[in-house]
Amino acid sequence: VIMPYEKFEYSSSVNLITPTGIMHGHYEFIRNSDNTIFYAQIPVFSLDSTDQLKRPN
């Protein structure tokens with residue numbers, strides 16, 4: 001249970017077969033007071049290899 005003003009840190013990684021990519025998704029939570037499921041959306045963000053020239057996606 002994450003209490004008010006507490007934080008949870010999470011990291012992940014992915015092996016890309018191309019120099020750039022995108023990722024998006026959501027986290028699923030359950031509210032303890034009524035067992036309601038809700039989602040925190042993660043907007044699209046780019047994944048760019050540091051080995052490539054800097055070009056916008």
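Derivation of every value follows stated rules applied to the coordinates shown; laboratory data play no part. Here the structure is a predicted model, which means the values were calculated and not measured. Here Cβ is always computed from backbone atoms with ideal geometry, including for glycine, and neighbour counts include all displayed protein chains.
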**OP:** Could you calculate the FRET efficiency of TYR39 with SER12 from 1/(1 + (r/R0)^6), where r is the beta carbon distance between them and R0 is 25 Å, rounded to 0.05?
**Re:** 0.90
**OP:** Select from region 1-55 those chymotrypsin sites (Phe, Trp or Tyr not before Pro) which occupy a DSSP coil region and have at most 11 other Cβ atoms within 10 Å, ordered by residue number.
**Re:** TYR5, PHE8, TYR10
Subject >> Qualifying GluC sites (Glu not before Pro) for region 1-56 [loop in DSSP, other Cβ within 10 Å: at most 16] >> reply: GLU6, GLU9
Original post:
Once label points are set 7 Å from the Cα along Cα→Cβ at both TYR5 and MET23, what is their separation, rounded to one decimal in nm?
Top reply: 3.1 nm
Subject >> Overall Cα dimensions of the chain - principal axes, largest extent first, Å >> reply: 49, 19, 18
